[in-house]
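Asker: Right, I'll just put the structure down here and ask away after.
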Amino acid sequence: MREVIQCLIDWLDSEPSDEKGHRILRALAQESLKKAGFDESKRRFTADEIVAAVGVSIETTDPKKWIDWPGSLKKYCETREPQIIEFARKRGLSHYPQPDRKSTKGGPGRLTTFYIKAEPVPEITEEDHVVVDDLAGSNAVELKANYQMTELGEVKPSWLASWLFRHGQVELRQWHVWGLLGWLATIGVFAVLIAYAGWLSLSVSRPVTTSDLTLLISIFVIPYGAWVTIIKPWILLLDDRIVVAHELFTNFYEQSAQFELLRDGDLRVIRLVRYSAACPICGATIYLEKGEPDYRRRLVGRCYESPREHVFSFDRITRCGRLMVDR
Ligand SMILES: [Zn+2]
């Protein structure tokens, strides 16, 4: 049992987050680990105990409402269960951790409790990949792509980024983030200043030369270039949590990779990973690419063999994708 609970803690560590579900799971796992040697009946915790372990003040919140088992916690665990199962499987465990609730009919001294149980890791079945024969009738059977994420450090960064992503990820503390924002602002201000200086030197009336034309063009090109190549990708990463990593950052031989942002309090983790899946239509590999021009600002899974037709949606939490056909 100790290994199973430890497995949950390690999985939580591998996916840092400051979401409520994440914090509750961690508190439940840590409290359970302290009592791992005991029988299951001793490893149950009331809502009050969990909320106290999370570190939320009981005076201001109703613990039961805050935990919200059916609404948030259960859903949170269910959608991430495939990831946890995969994590346990890679460790060679026969069981994986699953939180559960024991509800009572109420009454004094009978409180609803939460605990972690060990569920057997399911066997890998052939039915996971539904093979569809005729695409014409595909409305009946939904084509699904199951994405897998590479191990940390599996995607090799280019020499340009290798000092940053030595272990596949880089951890940013608060001052790093401020430094980064300051750096971006400096670049932005510089680009605007250069353009402004160019504009000033052009407003002196004199015969137009070819160097003036070059200057005129660079007035627009420099700020635009700085925005597109340096500032915008960072803003998109902070906003969208996952973006396509530019080829400058990955090894020449690597397929498309992504930068993913995880946040836990004031810690930010950027990791270089690759999500891929087997194409349920043709069996080739699906890689994540930009959704443009059909799906603006979305990452979609594109089949390596048929990138414009075998297009799948992508959800980084459920790691599932559906065939996108609305055109
Ligand atoms: Zn395909």
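FYI, it's all coordinate maths here, none of it is from the lab. All figures in this text were calculated on a predicted structure; none of them were measured in a lab. With ideal geometry, Cβ positions are generated from the backbone for all residues, glycine too; neighbour counts draw on all protein chains shown.
Asker: Given 20 °C and 1.002 mPa s, how large is the Stokes-Einstein diffusion coefficient of segment 169-271 in µm²/s, with Rh as the Kirkwood radius over Cα pairs? Write out the running numbers ahead of the final one.
Answerer: On the way: Rh = 16.2 Å.
D, rounded to a whole number, is 133 µm²/s.
Asker: Same structure, new question: Ordered by packing density, taken as the mean number of other Cβ atoms within 10 Å over each peptide's residues, highest first, how do 111-119, 204-212 rank?
Answerer: Values: 111-119: 18.4, 204-212: 8.0.
Result, highest mean Cβ count within 10 Å first: 111-119, 204-212.
Asker: Angle between the Cα long axis of helix 2-14 and the longest principal axis of the chain, 0 to 90 degrees, nearest 10?
Answerer: Taking Cα atoms only, the helix is inclined about 20 degrees.
Asker: Could you check which residue among 49, 59, 86 shows the biggest mean-square fluctuation in a GNM of the chain with a 10 Å Cα cutoff?
Answerer: Sorting by GNM fluctuation, first place goes to 59.
Asker: Per residue, what volume in Å³ does the convex hull of the Cα atoms of the chain enclose? Write out the running numbers ahead of the final one.
Answerer: Details: hull volume 69.2 nm³, N = 327.
Residue-normalised Cα hull volume stands at 212 Å³.
Asker: Can I ask one more? For segment 289-327 and segment 23-68, compute the distance between their C-alpha centroids and round to whole Å.
Answerer: After rounding, the separation between the Cα centres reads 39 Å.
Asker: Taking the Cβ of each residue in 242, 67 as the centre, tally the other Cβ atoms inside 10 Å and list the residues starting with the fewest.
Answerer: Arranged by neighbour count, lowest to highest, 242, 67 become 242, 67.
Asker: Report, in degrees rounded to the nearest 10, the 0 to 90 angle that the Cα long axis of helix 174-202 makes with the longest principal axis of the chain.
Answerer: 20 degrees
Asker: Suppose only helical runs count, i.e. DSSP H with n ≥ 4. What mean residue ellipticity at 222 nm does that imply for the chain under -39500 (n - 2.57) per run, divided by all residues and rounded to the nearest 500 deg cm²/dmol? Walk me through the numbers before you get to the answer.
Answerer: On the way: 8 runs with 113 residues, N = 327.
Counting only the DSSP helices, I get -11000 deg cm²/dmol.
Asker: With +1 on the Cβ of every Lys and Arg and -1 on the Cβ of every Asp and Glu, and nothing else charged, how large is the dipole of segment 169-271 about its Cα centre, in debye rounded to the nearest 20?
Answerer: Working: 7 positive and 9 negative charges, 52 e Å.
I would put it at about 240 debye.
Asker: I would also like to ask the following. Give, rounded to the nearest 20 debye, the magnitude of the charge dipole that segment 282-327 has about its Cα centre when Lys and Arg contribute +1 at Cβ and Asp and Glu contribute -1 at Cβ.
Answerer: On the way: 10 positive and 7 negative charges, 44 e Å.
Result for segment 282-327 is approximately 220 debye, rounded to the nearest 20.
Asker: Okay, moving on. Mind putting a number on the dipole of the chain about its Cα centre? Charges go on the C-beta only, +1 for Lys and Arg and -1 for Asp and Glu, and I need it in Debye to the nearest 20.
Answerer: Values: 43 positive and 44 negative charges, 187 e Å.
For this selection, approximately 900 debye.
Asker: What cysteines in the chain have no other cysteine with a beta carbon less than 4.7 Å from their beta carbon?
Answerer: Cys with no partner Cβ under 4.7 Å: 7, 77, 282, 320.
Asker: If you don't mind, another one. Which FRET efficiency value, to the nearest 0.05, do you get for residue 221 and residue 297 by plugging their Cβ-Cβ distance into 1/(1 + (r/R0)^6) with R0 = 25 Å? Could you put the intermediate results ahead of the total?
Answerer: Numbers: r = 24 Å, r/R0 = 0.97.
Once the sixth-power term is evaluated, E becomes 0.55.
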